[in-house]
Amino acid sequence: MASRFLKRAGPIALRVASCAIACALAIESWQLARAQQVNRELAAHLSDRPERSARTAALGDDPRLWVAAARQPVQAGRTAEAAALLRRAADASHGPLRQVALYDLGDLYLREALRVRQSGADASALPLFELAKESYRSALQQDPGLWDAKFNLELALRVAPDPDPDDTGAPPIPTGERSVTTMRAFTLGLP
C-alpha cells in the first residue's frame, strides 16, 4: 500500500516543485528586468547633458535613482546639487532608502564642513556641521542601530559640540520661592 502511495505522490510532488521553481524564476526575472531599467535610467542621467535641470528631470520619480545620481555631483564637487537630490530622496522615501539618503546627506555636509573649516572659515563651517548632525540624528531615529551614523555623529559633535544650555552665560533663572521645609520661622500648623 505504501508503494502505491509513493507512485501516486511522486508525479504530484514533481509537478508542485516544478510550479514553485517556475514561480521563483518569474519573480527573479521581473526583479532583474526592473533593475536593468533602473540602471538604464541612471546611465541616461549620468551622461553629459548641458543643463542640470534636464538631468534632474530625466531621473523620473524613483528615489533610488536620486540617491545613486547624487554620487556624481559629490565627486565633481557640486555639493548643492547632490544635497538637493539626497534631500529629495529622503523626503520621498521611507525605510532603509530614507536611512541611506539621510546618512549620505550627513556625510556630504560633514565632508564639506571639514573642508571649509580646514580652509580657515570656522564660522562658515558651523551651519554645515549642524546640518550634518541633524541628518545623522534623523537617520538614527529611523534605525538606532546604524553604527556608521552614530560614529559620524560623534565625530561631528567632537568637532562642533552642541551648546550646553547652562553655558549661555546668563544668570540662573529663579525657579520660585524656597521650599517650605527650608523656610525659617514658619509653621505648618501641625502639632
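The values are calculated or read from the model by the stated rules, or taken from the named source; none is laboratory data. What you are looking at is a predicted structure, and each value in this text was computed from that prediction instead of being measured. Backbone-built Cβ (ideal geometry, glycine too); neighbour counts: all protein chains shown.
The table that follows gives values for the structure above.
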{"read-out": "Selected residue [among the charged types (D, E, K, R) and either surrounded by fewer than 10 Cβ atoms within 10 Å (Cβ to Cβ) or at pLDDT below 70 (or both)] from ASP148, ASP143, ASP166", "value": "ASP166"}
{"read-out": "Index of the failed condition, ALA58 passing every other in (1) over 20 Å from the mean Cα position of the chain (by Cα); (2) exposed (fewer than 15 other Cβ atoms within 10 Å of the Cβ); (3) modelled with pLDDT under 80", "value": "(2)"}
{"read-out": "Condition check for GLY176: among the small types (Gly, Ala, Ser), assigned to a loop (DSSP other than H, G, I, E, B), modelled with pLDDT of 85 or more and out of contact with any Lys or Arg (no Cβ under 7 Å at 6 or more places or on another chain)", "value": "no"}
{"read-out": "Any chance GLU130 is surrounded by fewer than 20 Cβ atoms within 10 Å (Cβ to Cβ), assigned to a helix (DSSP H, G or I) and more than 14 Å from the chain's Cα centre (by Cα)", "value": "yes"}
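Results for (1) of a type in the set (Asp, Glu); (2) outside any helix (DSSP H, G or I); (3) modelled with pLDDT under 80; (4) over 30 Å from ARG137 (Cα atoms), shown as yes or no for each residue.
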{"site": "TRP30", "(1), (2), (3), (4)": "no, no, no, yes"}
{"site": "ALA35", "(1), (2), (3), (4)": "no, no, yes, yes"}
{"site": "ARG40", "(1), (2), (3), (4)": "no, no, yes, yes"}
{"site": "ASP48", "(1), (2), (3), (4)": "yes, yes, yes, yes"}
{"site": "VAL74", "(1), (2), (3), (4)": "no, no, no, no"}
{"site": "ALA83", "(1), (2), (3), (4)": "no, no, no, no"}
{"site": "LEU97", "(1), (2), (3), (4)": "no, no, no, no"}
{"site": "ARG115", "(1), (2), (3), (4)": "no, no, no, no"}
